[in-house]
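We did not get these values from a lab; they are worked out from the coordinates using the rules stated. Keep in mind that this is a model prediction, so the values were computed, not measured. All Cβ positions, glycine included, derive from the backbone under ideal geometry; neighbour counts span all protein chains shown.
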Amino acid sequence: MPIDPRFSTRDPSLASDQLRDLIASQPKGRSLHQAFYSDPSIYALDVERIFMRRWLCVGHESRIPNSGDFFVHEIAGESLIIVRGADREVRALVNVCRHRGSEVCYEKEGNAKVLVCPYHAWAYELDGSLRAARQMNERLDKSEYGLTQIHLRILEGLIFVCFAADPPKLDDVERTLRASLGRYGWADAKVAHRGIYSVDANWKLAMENYFECYHCGPAHPEFARHHATDKYLAPEAKALREKVHARAKEMGIEIPYIANWPWSAAPGEEMVDAFHDAAYPGSVTGSEDGQRVAPLMGDFTDYDGGFAYVDAGPASTFLAYPDYGVMYLFIPRDIQATDMEIVWLVAKDAKQGVDYELDRLIWMWDVTSIADKKIIDHNQKGVNSRYYRPGPYSPMEEMPRAMTEWYLETIAAGSND
Ligand code: FES
Ligand SMILES: [Fe+2]
């Protein structure tokens, strides 16, 4: 089914001169003005100019291995049915009935032969086309009333969707993911566990937190014990990284390092970056004791003493260890409500209870995300105060600084003036 060109974005209500003034008064190198984290009309701009225009990861393909398998992914006020068709193609269908607009799927996941709207029982094929409309069959041109489909691409097992009629190109993303997550075997991985960590904060505060490790020492002693990211600007961390890169090279695995970083993309392309970092000596993966938690994945025949951070699109981040993977999806719900969906991946053949124990596997990113929730929630509370003023980013916060600069350019570029 073709992409419906009528699916266009709404025009946000914030007047462009107000937005221009706000952006012009934003001090450089500092956290954003309060309005960017708290004004509903700015949130509406974020949705239209970022989340409706860019590629977003919604999950791993292994979640829907069989024809008819589906899951519902809600993001930025929209609901999508991600479904594997009878032809085994995966599609992203907008979860809005073409009769009178009810959600078609109430369930969060399952398997279906047909998608039947519970309201008046219009029935859709797995490719979204309308199969039957009760008691209206003669009068209705069914070809006009298929579920709206949006763009979807699967790269290294990761399902990306884009609401835009004309999405950014994915050539750089595809190349970088293949050279990074591809070596960790993500295309053949399976989901071991999913968890939702909801924060009472604007999506940008959640992402800024993810993109800096200035807070790792004080907030994440468990993480900082094993990952040299907590001091990544220090000469000793750089020396460790060089060792890891050399070790990986010996193993025939070279992970790209800081490609297109920070927060930039070639014209017309979606953004992507990759960063091959080091564990501290004695640690080989992100676990409580730094020791292995699952069978090696992909091309890894041994541990290289490191791991890779990969980011693709504005709100999807990934972390690959040689023995497991973490997908970190940032899902805005409202101006100050964001879900962080975390998906743990292991090798396809790894068996729970035999090859890995779930509680050991998820320990590091569960503990870390619970701690992050607390600090992000308190960050938003403070930012909401009348005493909040934009504060200076430290050298360890160059990525959030770059992110906020990208953010301001992106929403300004979408204004109507
Ligand atoms: S709204 Fe779906 S069948 Fe009526
Ligand atoms: Fe954190």
Theoretical gain in end-to-end length, Asp299 to Ser143 [0.36 nm per residue, Cα-Cα removed]: 51.5 nm
Residues whose placed amide H lies under 5 Å from that of Ala279, excluding near-sequence neighbours: Ala228, Gly306, Phe307
Where GluC sites (Glu not before Pro) fall in DSSP loop in segment 312-417, at most 16 other Cβ within 10 Å: Glu357
Restricting segment 103-172 to GluC sites (Glu not before Pro) in coil, as DSSP defines it, with at most 13 other Cβ within 10 Å: Glu107, Glu138
Those lysines that a straight Cα-Cα span of less than 16 Å connects to Lys373, excepting residues fewer than 8 apart in one chain: Lys204, Lys381
Estimated FRET transfer efficiency (Gln135, Tyr388; beta-carbon r; R0 51 Å; 0.05): 0.30
Relative contact order (%) - the chain, alpha-carbon pairs under 8 angstrom, separation at least six: 20
No Cys partner within the rule (Cβ under 4.7 Å), the chain: Cys57, Cys105, Cys162
Paired Rg and Dmax values of the chain, which use every Cα atom, in angstrom: 22.0, 74
Those lysines that a straight Cα-Cα span of less than 22 Å connects to Lys243, excepting residues fewer than 8 apart in one chain: Lys231
Val284, Val104, Val367 arranged by Cβ crowding within 10 Å, fewest neighbours leading: Val367, Val284, Val104
Per residue, the convex hull volume that the Cα atoms of segment 56-152 enclose (Å³): 93
Inter-site label distance for Asp87 and Ala337 at 7 Å from Cα along Cβ, in nm: 3.8
Relative compactness, segment 169-411, computed as alpha-carbon Rg over 2.2 N^0.38 Å: 0.98
Axial C-alpha extent at least 30 Å, average Kyte-Doolittle at least -0.5 - helices from the chain (DSSP): 358-383
